[in-house]
1. Give me the helices (runs of 4 or more DSSP H) completely within the range 56-161, filtered to those with at least 3 residues that are under 30 Å from ASP215 (Cα atoms), ordered by residue number.
2. Considering the range 87-101 alone, what residues qualify as being touching a Ser or Thr at 6+ places or on another chain (Cβ under 9 Å) and crowded, with 24+ Cβ neighbours inside 10 Å?
3. Determine whether THR362 is closer than 19 Å to MET33 by Cα and in contact (Cβ under 8 Å) with a residue 24 or more places away in the chain.
4. Just to check your reading of the model, which residue among LEU171, LEU179, LEU145 is crowded, with 19+ Cβ neighbours inside 10 Å, farther than 26 Å from ALA134 by Cβ and not β-branched (Val, Ile, Thr)?
5. Can you tell me which of (1) free of Cβ contacts under 8 Å to residues at least 60 places away in the same chain; (2) not in a loop (DSSP other than H, G, I, E, B) is the one HIS23 doesn't meet?
6. When you scan the range 188-287 for helices (runs of 4 or more DSSP H) that lie fully inside it, which ones turn up with 1 or more residues that are closer than 30 Å to TRP436 by Cα and at pLDDT 90 or above?
7. Output the residue which, of all residues in the range 295-319 that are among the small types (Gly, Ala, Ser) and surrounded by 17 or more Cβ atoms within 10 Å (Cβ to Cβ), is farthest from ILE376 (Cα to Cα).
Amino acid sequence: MPSGIQASPPAKQDGLPYPQRRHAIVVMMLGLMVSVLDGSIMNLALPGIARDLNSTAAHSIWVVNAYQIAALALLLPFANLGDLLGYRRVYLAGMALFTLASAMAMFAPNLGVLIAARALQGVGAAGVMSVNTALVRLTFPSSQLGRGVALNSMVVATASVAGPSLAAAILSVASWPWLLALNLPLGVMIIVLGRRVLPSNTAAAAVGSRISPVDVVLNVLMFSLVFVGADRLGVVSGGGGPVPLDGLAMLAAGIVVGVVYVYRQRTRVAPLFPVDLLRLPIFGLSMCGSVFAFCAQMLSYVALPFLLLESYGFTPLKAGLLISAWPLAIVVTAPVAGRLIGRIPDGLLGGIGMLAMATGLTLLAALPESPSDINIAWRLALCGMGFGLFQSPNNHTIVTSAPPHRSGAASGMLGTARLTGQTLGAVLVAYIFSMWHPHDGTLGPVIALSLSAACALTAGVFSVLRVRQMKSAPG
């Protein structure tokens, strides 16, 4: 047996036996939670970091950007590596690097070292996030895969929005390095336990599969240039200042690199950028829906604090408690969605969810001048319920529509769609706020929420189109 391929359990095995499965679930969910959390947990600490490390606010933002760019740029290469060498190996190696980089960041003596450590954290997080869903597919029996995907989706959704709240709690009693402290014991525990309980690959990689270093470089360049270029375009001066030419140049360069990169993938046996999976209509529609859904979530989650704090004059505590209705609704709804998978078509269930989210966002945009707490809370809960109904069945379709030997590629695309949607949402809301400053009234947040509702509706359309594809599929 080649040394790069892990030993496979018997082909008839359907998921892990229960005691091992329970421990594997804990390992996967904890690793996913810390990886997603660290994408946003440092945002609130940026002013303190700039002050402590004698830097500017503009430079300190790279503490966040370095993590996001590294994770986004390396998700697909690590997913491909998981298909070749084993998802467990990639996951544990990623968690080891993530833990080591967390320690480096905690004790960083200057901003340059901190940014480098955060980039390494992003590389480690990419290893974890890229193969997480593939491990879920190996862990749960096929009859319970919907519940496993729902649990995975719930962790991602709640961790995506919990970073600022957790950071606020920690920063109220400690300095910013302690935001990273929890990663150390959790990382060690995940590595030690994961070596024993995480499953090995059950399907061998396709014959002729390999990783091209040129493709990896093109993948990193494409995502990095597009991310930084889009970010620069979003940061325009108030009142519609001149468009940053460097941002346009980087975005254009990223698109050119992307065209060359995707063209190279057409003849690959197992393409790094999975054009083979995107040719499947159901997979492609699910990916488009995921991008627009996370774009809607990011638009609204940036706009809501400005609406509640600036427009309505709420205290940070009150605003935080109200916004928590959204993730709490996801926690309640995701398991229900998991049980409905297989009973209701995924596309229809996701479409209903995005319609509910769009309705909640539209009602938030139409709030009166002095709304009551309950009027705000139930609208936020409706958004969370809608997102919870959409994400689990959408992810289930993405996971199950890929052949077993391409589970890693499908898993990597899940994370890529999430980060792409969140980046797009952040750029759009930055542009909106540059034109209609949130300090000047409710117009900026209302426009952002309205655009968020439109994105949710678009995601719903992509989801419903999958029902038609399923009916027209042979067999």
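The values are calculated or read from the model by the stated rules, or taken from the named source; none is laboratory data. Here the structure is a predicted model, which is why all the values come from computation and not from measurement. Glycine also receives a Cβ, built like all others from the backbone with ideal geometry; neighbour counts cover every protein chain displayed.
1. Working: elements: 57-60, 62-85, 87-106, 111-139.
Per the criteria, 62-85, 87-106, 111-139.
2. Result: TYR87, VAL90, TYR91, GLY94, MET95, PHE98.
3. Here the answer is no, as THR362 does not meet what is asked.
4. Details: LEU171 fails: crowded, with 19+ Cβ neighbours inside 10 Å; LEU145 fails: farther than 26 Å from ALA134 by Cβ.
Going through LEU171, LEU179, LEU145 in turn, the sole match is LEU179.
5. Answer for HIS23: the failing condition is (1).
6. Values: elements: 213-234, 245-265, 275-278.
Output list reads 213-234, 245-265.
7. ALA296
Residue-wise test of (1) closer than 17 Å to PRO109 by Cβ; (2) modelled with pLDDT of 85 or more; (3) in contact with a helix residue (DSSP H, G or I) (Cβ under 6 Å, 6 or more places away or on another chain); (4) among the β-branched types (Val, Ile, Thr).
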{"residue": "ARG21", "(1), (2), (3), (4)": "no, yes, yes, no"}
{"residue": "LEU30", "(1), (2), (3), (4)": "no, yes, yes, no"}
{"residue": "VAL34", "(1), (2), (3), (4)": "no, yes, yes, yes"}
{"residue": "PRO47", "(1), (2), (3), (4)": "no, no, no, no"}
{"residue": "LEU53", "(1), (2), (3), (4)": "yes, yes, yes, no"}
{"residue": "ILE61", "(1), (2), (3), (4)": "no, no, no, yes"}
